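Beneath this line is the structure, given in structure tokens, with notes to follow.
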2 protein chains.
Amino acid sequence: MANTITFVSLGPGEPELITLKGLKTLKEADIIYCPSTTLKNTKVSSRALDILLALDIDQAKVQLFDVPMSKDRTLALASYAAVSKLIHQAYLEGKNVAVTAEGDAGFYSSSHYIIDNLKRDGVVVDKIPGVPAFISAGALAHIHIAMQEEELHVVPGVITTSDLVDKIEKHRAVVIMKASQSAEDIKQAIHKAPQSTFHYFENVGLDTEYYTTDTEEIINRKFPYFSLLIIKS
Amino acid sequence: MANTITFVSLGPGEPELITLKGLKTLKEADIIYCPSTTLKNTKVSSRALDILLALDIDQAKVQLFDVPMSKDRTLALASYAAVSKLIHQAYLEGKNVAVTAEGDAGFYSSSHYIIDNLKRDGVVVDKIPGVPAFISAGALAHIHIAMQEEELHVVPGVITTSDLVDKIEKHRAVVIMKASQSAEDIKQAIHKAPQSTFHYFENVGLDTEYYTTDTEEIINRKFPYFSLLIIKS
């Protein structure tokens, strides 16, 4: 079997929402690179590793790489550069390398930093697609995220109140991925578009999962990092 | 075990891109409703059934329901109404009922016709999310569908040349789901936005899968029903 580098999408967080193909690739991999963060109490946390362990993947072949969470992205980019070299090295040694990505590896994923580094070094990687968080949020809320004739706008995070209200008035379905980046603007938009439904989610797929459409609840809430909205007019 | 109705997303077409949870639900179901179409030569075709068989699901518990493909949707709606009654009946008989959906059951899925019928009858269903076709197309093309700061617009099918060029000029990533509905307008946009990359796909996940970024190829092509584009500026 030839050496490979495969980015495996883990899906939204619930371990059983990985694909059969994704799980098979993890099982067959010689080494699995997996991002982690170091919390203030110096505890290492990795949502991806939690998923791997729930799926009975052998921890001995997992290599964590720490991605610093500070606003200044210099340290994170240095971390991606360092792990890209390790991944390339393992590949050159003939290994089947897997790299995990939460959600889907090609959809607002920081995987692209590593993929682009490898591409510059002449290595093309494979990706196994996965279920994005917003798709899972729609199932949790029992809604149709987008219907047959409806246009959907996915906003990564930063949006102004007027841009958001404009989308709603044009009857676009709107997904806001990192709602914490625009919490105040979104709360203003709730006042200006009272006829719309704001589906608000935190920590989709985790034990701390939370969902509401109660606008007063949403307005009083401090949006955490993993918060997203689906807005239907 | 209580009776249930679960819409199981099958993913983009490649059988192994179903989730573990989706497969488990299909295996545990007493009966599985699955859409089919009757072709002109009176042959019954069902992409969903093909996926189930590849996954070793017992065909004896599969019930096909025919969805007429004509532009007049009256017959299709009548078919959805009829199967909604059958699903409700099986549920009342205490069965665990699964209903299949290609891609994701909440994302531009005709599942909503059945779900809304059941809701009117007071029955709330569950959905198991899946990988949408455009997510799989991105993996096939080795691209980042959307990057960290990029807004993504998903267009179900109908779009004018000027609207599309406007999105491209604003640096939106654009997905067009049923490109055959606007083939001529898309081809015009290719001439007007030569700096952009048009990723064109047919039949993602099937043996007849096709992908190109060659604009001359795209312009000379007759877009079939299952064609989609991802446009990156």
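The values are calculated or read from the model by the stated rules, or taken from the named source; none is laboratory data. Here the structure is a predicted model, which is why all the values come from computation and not from measurement. Because the Cβ atoms are built from the backbone with ideal geometry, glycine has one as well, and the counts that use them run over all protein chains shown.
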Verdict on A:K27 being facing another protein chain (nearest Cβ under 8 Å), under 26 Å from B:E14 (Cβ atoms), assigned to a helix (DSSP H, G or I) and not β-branched (V, I, T): no
The range A:1-39, residues that are of a type outside the set (G, A, S) and free of Cβ contacts under 8 Å to residues at least 12 places away in the same chain: A:E16, A:L20, A:K24, A:L39
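Residue-wise test of (1) surrounded by 12 or more Cβ atoms within 10 Å (Cβ to Cβ); (2) modelled with pLDDT of 95 or more; (3) touching a Phe, Trp or Tyr at 6+ places or on another chain (Cβ under 9 Å).
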{"position": "A:L26", "(1), (2), (3)": "yes, yes, no"}
{"position": "A:A29", "(1), (2), (3)": "yes, yes, no"}
{"position": "A:C34", "(1), (2), (3)": "yes, yes, yes"}
{"position": "A:K43", "(1), (2), (3)": "no, no, no"}
{"position": "A:I51", "(1), (2), (3)": "yes, yes, no"}
{"position": "A:D58", "(1), (2), (3)": "yes, yes, no"}
{"position": "A:K61", "(1), (2), (3)": "yes, yes, no"}
{"position": "A:K71", "(1), (2), (3)": "no, no, no"}
From B:H112, B:H88, B:H153, residue being over 19 Å from B:L17 (Cα atoms) and in contact with a strand residue (DSSP E or B) (Cβ under 7 Å, 6 or more places away or on another chain): B:H153
B:S162, sole failed condition from (1) in contact with a strand residue (DSSP E or B) (Cβ under 9 Å, 6 or more places away or on another chain); (2) free of Cβ contacts under 8 Å to residues at least 24 places away in the same chain: (1)
Helices (runs of 4 or more DSSP H) contained in the range B:37-132 and holding at least 3 residues within 14 Å of chain A (Cβ to nearest Cβ) and among the aliphatic types (A, V, I, L, M): B:47-54, B:111-120
Among (1) modelled with pLDDT of 95 or more; (2) crowded, with 20+ Cβ neighbours inside 10 Å, the one test that A:V204 misses: (1)
Within the range A:133-164, considering residues that are assigned to a helix (DSSP H, G or I) and within 7 Å of chain B (Cβ to nearest Cβ), the one surrounded by the fewest Cβ atoms within 10 Å (Cβ to Cβ): A:A139
Residue count, the range A:115-150 (criterion: under 21 Å from B:P129 (Cβ atoms) and touching a strand residue (DSSP E or B) at 6+ places or on another chain (Cβ under 9 Å)): 22
